[in-house]
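Participant: Quick one: the structure is below, questions incoming.
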Amino acid sequence: MWDLSIQSVIVATGSYIPEIKINNRDFINHAFYEKDGSPIKKDTALIVDKFKSITGIEERCYARPDQKASDLGYLAAQQALQSSGIDKESLDYIIVAHNFGDVIYGSNRVDIVPTLASRIKNLLQIINPDCVAYDLPFGCPGWLEGVIQANYFIRSGDAKRCLVIGAETLSRILDPHDRDSMIYADGAGAVILEAASTGKGILSHKTQTYASEHSMLLNMDQSYKAQEVKGDLFIKMNGRKLYEFALTHVPHVVKTALDKANTHISEINKILIHQANEKMDEAIVQRLFKLYDLEFSSPSLMPMSISWLGNSSVATIPTLLDLMLKGEMKDQTINPGDKVAFASVGAGMNINAIVYQF
């Protein structure tokens, strides 16, 4: 039964930003190829400069060779638990969003047995068998979908406290001969949600999947360099069509969530959107405002971390949230009472949004 008096409230956050920083200039000596296998004849420095102007990315972070996605997720979860003083044995669920599991350095082989959630539960040394741990592969919107699922568990009375983690090591599955590979990064973020009888928390959400025509806009395929084809598969995307898809559909999903929460866009204090591509994210928010016959004129409404963290898929939003709540994002704060819209889009193609009041 759905308890209307109970809200799902974020009571702790954590993140882990890997130590290895990769600057755009580190790609200058890469040999990039077209999808058909032909070398890109344009000067690599020009390719890198154009990449920066489109995506906004100047650098990104990679995990150390001795780290896997579950290690990053564990560190983010540990930070959330330690900073809040929450008893780890009181967790009812551990939900871990990712796309590729634990990929060891030097390989791009997916490893998801056992699940990352079970591995992280083990690393946290949680004994309680009633703490259920499972994985959620849902593309870049996976972490946000984990929060939505946790909300269902809490509002139904099945859980009182849930840990939701997003962890990824995309640097292990990128094709170094594909210029799109410069987008990807590693990282992890986590939140703990708790049942509370307050006026704050998750107000609404909306999720959609467009698989009939768009499922392969992000997929796995061979390297663009023919000599590198050895059976390995790398993450690939149809950038132009993905951009068009996002601009067409994401604003409507966010508006649906806002409508369900009886909230106008003018009441939103911040929009935390998946850090996929700076220009794309800005265009999405501009389209959202146009649905209300308004102009998006306040860039500070949409905090961005992509310039220095890159696109770490499921980790971008929880990392951004953690940094903001801990005062580590310049000129960006979230205050009590603020209404925040969360949104993500990614492989599947999946889109989701949440309206949350702090």
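Participant: Before anything else, pin down the relative contact order of the stretch 6-90: Cα pairs under 8 Å, at least 6 apart, normalised by residue count, whole percent.
Facilitator: RCO, the stretch 6-90: 46 percent.
Participant: Provide H177, H30, H274 in ascending order of the number of other Cβ atoms located within 10 Å of each residue's Cβ, fewest first.
Facilitator: Lowest count first: H30, H177, H274.
Participant: Assign one of three labels to the stretch 140-195, namely rounded, prolate or oblate, based on the Cα gyration tensor with a ≥ b ≥ c the square roots of its eigenvalues; rounded applies when a/c is under 1.5, prolate when it is not and a/b is larger than b/c, and oblate otherwise.
Facilitator: Cα axes put the stretch 140-195 in the prolate bin.
Participant: Further, regarding this structure: Multiply the residue gap between A45 and N122 by 0.36 nm, knock off their C-alpha separation, and tell me the result in nm, one decimal place.
Facilitator: 23.2 nm
Participant: Report the residue, chosen from I148, I104, I306, that carries the largest GNM mean-square fluctuation when the chain is represented by alpha-carbon nodes joined by springs under 10 Å.
Facilitator: I104
Participant: Holding the Cα-Cα limit at 20 Å, pick out from K88/K121; K21/K42; K270/K330; K21/K41 the pairs that are longer than that.
Facilitator: K21/K42; K21/K41
Participant: Can you work out the Karplus-derived ³J(HN,Hα) for every residue in the stretch 105-111? Use 6.51 cos²θ - 1.76 cosθ + 1.60 with θ = phi - 60°, whole Hz, and x for glycine or proline.
Facilitator: Listing the rounded values in order: 4, x, 9, 10, 7, 6, 9 Hz.
Participant: Oh, and also: Measure nothing but the geometry: give the 0 to 90° angle between the long axis through the Cα atoms of 239-260 and the longest principal axis through the Cα atoms of the chain, rounded to 10°.
Facilitator: Result, in degrees: 10.
Participant: Among DSSP beta bridges whose residues both lie in the chain, state the antiparallel percentage, nearest 5.
Facilitator: Once the DSSP bridges in the chain are tallied, antiparallel ones form about 75 percent.
Participant: According to a simple spin-label model (label point 7 Å from Cα along Cα-to-Cβ), what is the distance in nm between F358 and R25?
Facilitator: 3.6 nm
Participant: Of K200, K68, K241, how do they rank once you tally other Cβ atoms within 10 Å and put the fewest first?
Facilitator: Fewest-to-most ranking of K200, K68, K241: K241, K200, K68.
Participant: If you don't mind, another one. Can you give me the C-alpha center-to-center distance between the stretch 298-345 and the stretch 264-282, rounded to a whole angstrom?
Facilitator: For the stretch 298-345 versus the stretch 264-282, the Cα centre distance is 9 Å.
Participant: Nearest 10 degrees is fine. How inclined is helix 278-290 to the longest principal axis of the chain, computing both from alpha carbons?
Facilitator: Result, in degrees: 50.
Participant: Turning to a different aspect of this structure: First check a/c for the chain, with a ≥ b ≥ c the square roots of the eigenvalues of its C-alpha gyration tensor; if it is under 1.5, answer rounded, and if not, answer prolate when a/b is larger than b/c or oblate otherwise.
Facilitator: oblate
Participant: Right, next: When a footprinting reagent is the concern and you count Cβ atoms within 10 Å, what order do R64, R119, R287 take, fewest first?
Facilitator: Going from sparsest to densest Cβ surroundings: R64, R287, R119.
We did not get these values from a lab; they are worked out from the coordinates using the rules stated. Only a predicted model underlies this, so the values are computations on that prediction, with no experimental measurement involved. Cβ coordinates were reconstructed from backbone atoms using ideal geometry, including for glycine residues, and neighbour counts include every protein chain displayed.
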